[in-house]
Amino acid sequence: MVIAAQWFLGTEAGRNFLSRYPGQYEQPDAPGGYPWWLNWAHFFNAFLMVLVIKTGVQIRREIKPEAYWTPKWGRQRRISLTIWTHNALDLLWVLNGLVFVTLLVATGYWSRVVPTSWEVFPNALSALVQYVSLDWPTTSDWAHYNSAQELAYFVTIFVAAPLAIATGVRMSGLWPGDKPMLNKAFPVEWARAVHFPVMIYFVTFILVHVILVFATDALRNLNQIYTGQDATNWTGFWLFVLSLIVIIGAAVAVRPVLVAPLASLFGRVGR
Ligand code: HEM
């Protein structure tokens, strides 16, 4: 594929394609840079996602739950403590996402992650061919993302996340079980069939995302997303290491003995 991409970009048609679609189109001016709230929302998102994925996988593997949680208001709605943990984390993740999207819209940063022209598609193709050719597109992330990045961020924020939420709510106790029309319009089987592939999408996105962060000007990228500064020094990298320690620590700590006291503030925990 590398050789094919290099060959194509060397032909007349390839050169014309590249000059017509350099990998990025004329975008409205976003404010530029990474404000502190974006840095924090991005960190909380990564932190919560690791825990959400861990507990989600646990739910699927669990044969006999270690404990159950019964809400104070409805005895018949008993769920496993793992599902309670997953849902509590989901709620925090959704709140963080709502704050993030609200601030994106309010500050004008939305235009960096929402395509504003159909030109995004041929440009994304161009950026992908350039990635595959190993002659990577050079863009300034500080101001704008290239079209492949923009599409990936857009799909992650505005397609995958809402899908995860809608299918998750459908399977949860929040969904009204006594509305036959509603249940038929959105069958729980669909929700089950979609929720897991969405998780696989997130995992794939995170892998490619982090690999590219490290493969393209790592120190500068890490400074941008962790300190909000456009600098090439080690501060962002060490903050990244610290954030990994916090995330892994939390992932290890999320176990029934530690979660049960928290869950019992909101309901009854028992076997
Ligand atoms: C520890 C792991 C992570 C690192 C090191 C990291 C790093 C970065 C960096 C450096 C940027 C700036 C973009 C750039 O320079 O090209 C960025 C932006 C972004 N990241 Fe991550 N990321 C991580 C995890 C995640 C996760 C788990 C998600 C969600 C699934 C995510 C979603 C995004 C999005 C949507 C943006 C664009 C934000 C905007 O400009 O509004 N990242 N990330």
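The values are calculated or read from the model by the stated rules, or taken from the named source; none is laboratory data. On a predicted model such as this, the values are computed, not experimentally measured, just so you know. Cβ sites come from the backbone with ideal geometry, for glycine too, and all protein chains shown count toward neighbours. Side chains are part of the model used for accessible areas, which takes the heavy atoms of the whole protein and leaves out ligands, DNA and RNA. Shrake-Rupley method; radii C 1.70, N 1.55, O 1.52, S 1.80 Å.
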Open item on the list: I'd like the full set of residues that are modelled with pLDDT of 95 or more and open to solvent by 100 Å² or more (accessible area, probe 1.4 Å), limited to the range 179-199.
Closed with: E189, W190, R192
TODO: Might you let me know whether the range 108-115 holds any residue that is over 30 Å from W69 (Cβ atoms), within 12 Å of the ligand (Cβ to nearest atom) and surrounded by fewer than 15 Cβ atoms within 10 Å (Cβ to Cβ)?
DONE: yes
TODO: Tell me the helices (runs of 4 or more DSSP H) entirely within the range 178-271 that contain at least 1 residues that are in contact with a helix residue (DSSP H, G or I) (Cβ under 8 Å, 6 or more places away or on another chain), among the β-branched types (V, I, T) and within 13 Å of the ligand (Cβ to nearest atom).
DONE: 188-215, 218-227, 235-253
TODO: Would you please list the contacts, defined by Cβ atoms under 7 Å and residues six or more apart or on different chains, that run from a residue in the range 28-39 that is closer than 15 Å to G236 by Cα to a residue that is more than 10 Å from the ligand (Cβ to nearest atom) and open to solvent by less than 30 Å² (accessible area, probe 1.4 Å)?
DONE: G33/G228; Y34/G228; P35/G228; W36/G228; N39/G228
Task: Residue list for the range 105-121, filter: of a type in the set (A, V, I, L, M, F, W, C) and assigned to a helix (DSSP H, G or I) - done: V105, A106, W110, V113, V120, F121
TODO: Six or more apart or on different chains, Cβ under 7 Å: which pairs go from a residue in the range 237-253 that's under 9 Å from Y226 (Cβ atoms) to one that's open to solvent by 50 Å² or more (accessible area, probe 1.4 Å)? Could you list them?
DONE: L239/Y226; F240/Y226
Task: Per-region count, the range 149-166, residues within 11 Å of the ligand (Cβ to nearest atom) and either buried (at least 20 other Cβ atoms within 10 Å of the Cβ) or of a type in the set (G, A, S) (or both) - done: 6
Open item on the list: If I go through the range 116-141 residue by residue, how many of them are open to solvent by less than 70 Å² (accessible area, probe 1.4 Å) and either touching a Cys at 6+ places or on another chain (Cβ under 8 Å) or among the aromatic types (F, W, Y) (or both)?
Closed with: 1
Open item on the list: Show me the helices (runs of 4 or more DSSP H) found entirely inside the range 1-88 where at least 1 residues are within 16 Å of the ligand (Cβ to nearest atom) and open to solvent by less than 40 Å² (accessible area, probe 1.4 Å).
Closed with: 36-61
